[in-house]
Amino acid sequence: AMLAFLMHPAHAALTRKLHNRPTTSAAILTALTPIAFFVPMIMLGAAFADQIGDMAKAMQQNPDLTDPAAWLDETRHPRFARTAQWFSSRTDLDMADLRNYLGKSFQGWAGAVAGVSGKLALNVAGTTLKFFLMLFILFFMLRDGASWFQRLAALLPLQQVHGRALFTRLGKVTRAVVYGCGVTAAVQGSLV
């Protein structure tokens, strides 16, 4: 509903260009919506896959990255080893216990990641189903949303002038919030 509300000006303009054919306009906008979602996601996914590949390659070339004993070796990582020794002297934790704990933690994390992969596949399937359901609803909200909105406005126990003013204010606030969040996200993304 929110997406249809935000796309309503584009739908109205496209309906006028198509000689008052709202069904065709709604179909075109609904067909273009997945492109607006999937193109950025594919680009982010490709960048993420590249980074994961680079990280895996770096870990294969330098196996000390995942070896807790190497991190606690003072000749290789003096700052980290000194920090661990300082922490060990302030607590009852022994360095050998810390090595064993870190080794078990790495194994546990690997097992947790493997266990999450099955849930991830189910979540992707559920999200895909919800996305196509959203597209189905979006088509009808674009095509028939204006008439639904007029019916809803007629049900309000307000005078027509006040009802229009209320919906106008609500529309401006909603657009401002959504566009503000979008601009903020774009600025944050460009800074990152």
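Every number in this text was worked out from the coordinates using simple rules, so none of it is lab data. Fair warning: this is a prediction, and the values are worked out from it, not measured in the lab. Quick reminder, even Gly has a Cβ in these numbers, built from the backbone with ideal geometry, and neighbours come from all protein chains shown.
What the table below lists for this structure:
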{"read-out": "Neighbour net charge for residue 26 - beta-carbon separation under 14 angstrom, K R +1, D E -1", "value": "+3"}
{"read-out": "Separation in nanometres of the label points that stand 7 Å from Cα toward Cβ, at residue 44 and residue 156", "value": "3.4"}
{"read-out": "Listed peptides 178-188, 77-87 by packing density, highest first (mean Cβ within 10 Å)", "value": "77-87, 178-188"}
{"read-out": "Nitroxide proxy distance, nm - points 7 Å out along Cα→Cβ at residue 165 and residue 130", "value": "3.9"}
